[in-house]
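**Q** Sharing a structure here in structure tokens format.
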Amino acid sequence: MDNITLGKILVDSGIKLLENNLVQGTWGNSSVRIDENTMLVTPSGLDYLSLKEDDMAIVDINTMEWKGKHKPTSERGIHAAIYRERKEINAVIHTHPVYCSIMSVVRQSLPCFNEKMTKLFLGDVRVADYGLPGTNKLTKATVKGIEGRNACFMANHGVACAGKDMDEAFQIIKYLEESCKKYIEMKTLEITKEQVFTEELLDNYFIKL
Amino acid sequence: MEKIINAIIDYSKKLYQAKLTGEKDYILYRVDNNKACYVEGDFSVLTAEQVKVIDYIEDNSLAAKILRAKKDINVVMSVAPSKVMVVAKARKDIPAVLDDMAQIVGVKAKVVSYDENKILKEFKKANSILIADGGAITTGRTLNEALTCAMVLEKSATVIIGASVVGKYKKINFIEAKLMRLVYKMKYSKKNQENLLSEEKTNG
């Protein structure tokens with residue numbers, strides 16, 4: 001695939017992330033592998049709705065040198081490290097959806113509670129250790145957290161998902177967010193001993209804490 | 001002035017669409033050294049005709065007092081995001097549990113009872129606060145900055161409420177949260193915000 005076609009994949013995935021409430025504003029970033037040594041990655045600070053195919057940056061995953069009209073995302077190190085470690089991965093999404101963020105702040109793994117989760121995530125979704133955004137510490141922690149999995153939470157930050165292509169990476173992030181929401185609902189019912197989940201049930205539990 | 005008013009109406013719609021509003025919210029926008037645009041009401045149906053120009057130096061409202069006290073901001077918003085209201089009802093502060101909260105709001109957003117002196121005192125060190133049994137007041141150098149504070153507060157409120165049934169949330173280390181806020185303020189510097197402010201004033 002040429003870089004314009006790959007760029008179109010990133011443009012389309014950004015719009016899908018927005019439409020599915022998996023990303024807000026200019027936050028989050030995505031990439032696709034070009035070949036063994038390079039990736040195409042979304043730029044820093046541009047609105048998903050205004051992104052064009054040729055706005056993406058080409059980044060060498062070994063040297064981190066980049067080419068393009070715009071500076072690539074400051075989290076490019078995480079994308080590159082995942083491609084270096086995982087030859088079967090061709091697409092990475094890093095974002096901060098709200099239910100995944102809940103798991104990231106309690107720093108608890110999400111267990112698989114159905115077959116689809118096991119198939120998509122390849123096991124329980126772990127929480128990578130905390131690192132300040134854009135740091136090598138965060139990159140190393142994320143690579144370790146996602147080892148042997150297709151996703152990991154990033155402590156107090158968000159989530160990283162990886163797939164054999166962008167369709168799979170998107171499916172993973174979407175289902176992971178849905179699974180986290182379901183998990184919170186299950187936990188609410190367990191703790192309140194009620195039968196039917198409502199937002200008010202959770203809110204009232206919190207108020208009475 | 002027409003462009004500023006259009007920008008305010010545009011942001012009131014954005015706040016409504018992002019589900020950050022209640023039945024009676026307001027926006028106060030500093031135009032110059034004594035004039036400000038003020039609008040209040042149901043943000044789903046606001047029109048440009050409802051925006052009033054006030055003398056915020058003379059005005060006795062809480063919003064005007066905040067604007068007078070905080071020289072570094074141009075916008076004061078009162079909003080009522082649903083999860084922020086739950087946290088405010090519980091009279092709990094929203095700590096920086098997520099990087100975006102640390103960067104955009106700071107180490108914490110405190111819940112303060114509706115007492116003007118207490119609110120003004122808290123605003124000396126904060127850009128956003130929660131009102132006990134109410135919503136939130138956010139501020140910013142631009143409309144976009146105040147809106148972003150409201151969005152981040154609502155997300156953080158949703159996260160700490162959800163976390164309560166899973167386990168104990170872990171806050172970001174105080175020093176790291178402070179560092180992130182500093183880096184964010186430098187990145188989105190005064191010059192950068194002046195450009196945004198100029199856009200809001202000229203693009204409408």
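**Q** Please identify, among A:PRO111, A:PRO43, A:PRO97, the residue showing maximal mean-square fluctuation in a Gaussian network model of chain A using a 10 angstrom Cα cutoff.
**A** Judging by the Gaussian network model, the answer is A:PRO111.
**Q** Right, next: Under a point spin-label approximation (7 Å from Cα along Cα-to-Cβ), what is the A:GLU168-B:ASP42 distance to one decimal in nm?
**A** Between A:GLU168 and B:ASP42, the simple spin-label model gives 5.1 nm.
**Q** While we're on this one: How many partner chain Cβ atoms sit within 10 Å of a residue's Cβ in peptide B:153-162, on average, as a whole number?
**A** Values: counts 0, 1, 5, 3, 1, 7, 10, 4, 10, 16.
Average neighbour count from other chains, rounded to a whole number: 6.
**Q** Under a point spin-label approximation (7 Å from Cα along Cα-to-Cβ), what is the B:GLN50-A:LYS119 distance to one decimal in nm?
**A** Modelled inter-label distance: 5.0 nm.
**Q** Please compute the per residue accessible area over the stretch B:47-191 with all protein chains in place, 1.4 Å probe, rounded to a whole number of Å². Before the final figure, lay out each step's value.
**A** On the way: 6300 Å² over 145 residues.
For the stretch B:47-191, the solvent-accessible area averages 43 Å² per residue.
**Q** Using a Gaussian network model of chain B with C-alpha springs under 10 Å, which one of B:PHE123, B:PHE43, B:PHE174 is most mobile by mean-square fluctuation?
**A** B:PHE174
**Q** Also, quick follow-up: May I ask you to derive the FRET efficiency for A:ASN136 and B:ASN34 from their Cβ-Cβ distance with R0 = 60 Å, giving the value to the nearest 0.05?
**A** 0.75
**Q** Where the only charges are on Cβ atoms (+1 Lys, Arg; -1 Asp, Glu), what is the dipole of the protein assembly as shown about its Cα centre, to the nearest 20 debye?
**A** So the magnitude is around 1460 debye.
**Q** Moving on to the next point. Using +1 at the Cβ of each Lys and Arg and -1 at the Cβ of each Asp and Glu in the stretch B:1-134, identify which of B:LEU98, B:VAL39, B:ILE73 lies farthest towards the dipole's positive end.
**A** B:LEU98
**Q** Share of Cα-Cα pairs in the stretch A:164-209 beyond 16 Å, in percent?
**A** Value for the stretch A:164-209: 48 percent of Cα pairs lie more than 16 Å apart.
**Q** While we're on this one: Taking every residue in B:165-176, how many Cβ atoms of other protein chains lie within 10 Å of its Cβ, on average?
**A** 6
**Q** Taking 60 Å as R0, compute the FRET efficiency from the Cβ-Cβ separation of A:THR63 and B:ILE57 and round it to 0.05. Mind dumping the intermediate values first?
**A** Numbers: r = 57 Å, r/R0 = 0.95.
After rounding to 0.05, the efficiency reads 0.60.
**Q** How far apart, in nm, are two points set 7 Å out from the Cα along the Cα-to-Cβ line at B:GLN17 and at A:MET186?
**A** Label-label distance for B:GLN17 and A:MET186, simple model: 3.6 nm.
**Q** Express the Stokes-Einstein translational diffusion coefficient of the protein assembly as shown in µm² s⁻¹, to the nearest whole number, given a Kirkwood radius over alpha-carbon pairs, 10 °C and a viscosity of 1.306 mPa s.
**A** 71 µm²/s
**Q** List the accessible area buried at the contact between B and A, summed over both sides and calculated with a 1.4 Å probe, in Å² to the nearest 100. List each step's numbers first, then the result.
**A** Numbers: alone 10780 and 10730 Å², together 18770 Å².
Summing both chains' loss of accessible area gives about 2700 Å².
**Q** Turning to a different aspect of this structure: Let me check I have the definition right: for the stretch A:23-122, take the eigenvalues of the Cα gyration tensor, multiply each by 5, take square roots. What are those semi-axes in whole Å, largest first?
**A** Semi-axes from the Cα gyration tensor: 26, 18, 12 Å.
**Q** In a solvent-free Debye calculation with one equal scatterer on each Cα, what is log10 I(q)/I(0) for the stretch A:1-63 at q = 0.26, 0.30 Å⁻¹, listed in the order of the q values?
**A** The Debye formula, applied to the Cα set alone, gives -1.07, -1.30.
**Q** Sticking with this one: In the stretch B:19-75, which GluC sites (Glu not before Pro) are in a loop and have at most 15 other Cβ atoms within 10 Å, using DSSP for the loop call? Write out the running numbers ahead of the final one.
**A** Values: sites: B:GLU23, B:GLU40, B:GLU49, B:GLU58; in loops: B:GLU23, B:GLU58.
Those that pass, being in a loop and sparsely packed, are B:GLU23, B:GLU58.
**Q** Same structure again: Expressed as a fraction of 2.2 N^0.38 Å, the rule-of-thumb size for a compact globular protein of N residues, what is the C-alpha radius of gyration of the stretch B:1-142?
**A** After normalising by residue count via 2.2 N^0.38 Å, the value is 1.00.
**Q** Measure out, as a whole number of angstrom, how far apart the alpha-carbon centroids of the stretch A:134-159 and the stretch A:21-49 sit.
**A** First find each Cα centre; the distance between them is then 17 Å.
**Q** Would you tell me the mean number of C-beta atoms belonging to other protein chains that fall within 10 Å of each C-beta in B:89-99, as a whole number?
**A** 4
**Q** What are the principal axis extents of the Cα atoms in chain A, in Å, biggest first?
**A** 55, 33, 31
**Q** About the Cα centre, and with charges only on the beta carbon of Lys, Arg (+1) and Asp, Glu (-1), how big is the dipole of the stretch A:1-69? Nearest 20 debye, please.
**A** 140 debye
**Q** Compute a Gaussian network model of chain A, connecting alpha carbons closer than 10 Å, and tell me which residue from A:GLU194, A:GLU177, A:GLU19 fluctuates the most.
**A** Judging by the Gaussian network model, the answer is A:GLU194.
The values are calculated or read from the model by the stated rules, or taken from the named source; none is laboratory data. Quick caveat, the model's predicted, so the values are computed rather than measured. Every residue, glycine among them, receives a Cβ derived from its backbone with ideal geometry; neighbour counts consider all protein chains shown. These area figures cover heavy atoms from the full protein model, side chains too; ligands, DNA and RNA do not enter into them. Shrake-Rupley method; radii C 1.70, N 1.55, O 1.52, S 1.80 Å.
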